[in-house]
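This report concerns only the one structure given below.
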Amino acid sequence: MRYLNICYEQNNEYEVKKVVCFLHKVPKNAEIGLAKLIADYYEALLNKKSFEAEKILDLIKACGYENYLSLN
């Protein structure tokens, strides 16, 4: 997830999309759930869907996982 954050901060849209696409293809299970949620967050940011990104971020924070993101 750190790689995804770095790519987003460097405005590397291609790599962000590549990681998000990969995570969307991974089977859904509890172990990968957080990674998929974080990927959804960065995808929403990339697509300028700030309301959706904020809702996902609220969920990540509610679960206590905000340390997995580089939050402002």
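Tabulated data for the structure shown
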{"quantity": "Listed residues A44, Q10, N29: farthest to the positive end of the dipole of the chain (Cβ charges)", "calculated": "N29"}
{"quantity": "Sequence-distant residues sharing a close amide H with N12 (under 5 Å, placed H)", "calculated": "none"}
{"quantity": "Among [x] 11.7, 36; [y] 13.1, 44; [z] 11.3, 31, the entry derived from the coordinates for Rg and Dmax of the Cα atoms in Å", "calculated": "[z]"}
{"quantity": "Long pairs among K25/K61; K36/K61; K17/K55, criterion Cα-Cα beyond 23 Å", "calculated": "K25/K61"}
{"quantity": "Cα→Cβ-extended label distance, 7 Å offset, between S50 and Q10, nm", "calculated": "2.7"}
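A short reminder: the numbers here are calculations on the coordinates, not readings from a lab. The structure presented is a predicted model; accordingly, all values stated were derived computationally and were not measured. Quick reminder, even Gly has a Cβ in these numbers, built from the backbone with ideal geometry, and neighbours come from all protein chains shown.
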